[in-house]
Amino acid sequence: NSSVASASYVIGTPTYLLSNGMYTITNQNSNLALSISSLASGTDIEQLSPSGGSSQQWTLTNIGNNYVELVNVGSGLALEVSGSATTNGAAIDQNSYTGAVNQIWLVVSQGNGLYELVNENSGLALEVPGWLTTSGTLLDQWTVNGGANQLWIFSSPVAATPTFSLAAGTYTGT
């Protein structure tokens, strides 16, 4: 007499905190957007007044378990911890995407549409140092502390409304 254990599995679409797509990422404390000032690899990431430009738009791609890659729309380069540093205060820059762990970020929900971004390599949070609200402040990483300078709002950029202008005349179409 033998018994066979049975199991059932539900296979479906994974659930992510943030959907794949394009976002503007704004700091809760400063209300300034995650930005680049140059298209060059190695450019440090800063916070600037939101402009809606491609330098402030990031393509988020889920790679599993709420780990994401973030690639700037304007430059095509990935958000990363410079030099794979694991220390508080290390710079955040952009570089060609390689899939290295310093380019992978864990999205952690803090409720009310606020998220922490914790680097997979260092375990430290993306932040605005010193709670600065100055446009142009360079970002770094620091021990996760739940401060508003480490909380981020992900917003889908507003697409421009197309405008059309037609010359006077008669038009027909199907």
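The values are calculated or read from the model by the stated rules, or taken from the named source; none is laboratory data. Please read all numbers here as calculations on a predicted model, not as lab measurements. Cβ atoms come from the backbone with ideal geometry, glycine included; neighbour counts cover every protein chain shown. Accessible surface is based on the protein model in full, side chains and every heavy atom, while ligands, DNA and RNA are left aside. Shrake-Rupley method; radii C 1.70, N 1.55, O 1.52, S 1.80 Å.
Restricting the search to the range 17-39, which residues are open to solvent by 30 Å² or more (accessible area, probe 1.4 Å) and under 18 Å from residue 55 (Cα atoms)?
The answer is 22, 31, 37, 38, 39.
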Consider residue 84 against the criteria (1) open to solvent by less than 50 Å² (accessible area, probe 1.4 Å); (2) touching a helix residue (DSSP H, G or I) at 6+ places or on another chain (Cβ under 6 Å); (3) among the hydroxyl-bearing types (Ser, Thr, Tyr): it satisfies all of them except one. Which criterion is unmet?
(1)
Pick out the one residue from 162, 157 that is modelled with pLDDT under 95 and buried (at least 16 other Cβ atoms within 10 Å of the Cβ).
157
From the set of residues in the range 90-122 that are without any contact (Cβ under 8 Å) to a residue 24 or more places away in the chain and closer than 22 Å to residue 64 by Cβ, which is least open to solvent (accessible area, probe 1.4 Å)?
102
Checklist (1) at pLDDT below 95; (2) touching a Gly at 6+ places or on another chain (Cβ under 9 Å) applied to residue 168, failing item
(2)
Given the residues 142, 152, which is the only one that is under 12 Å from residue 28 (Cβ atoms) and buried (at least 17 other Cβ atoms within 10 Å of the Cβ)?
152
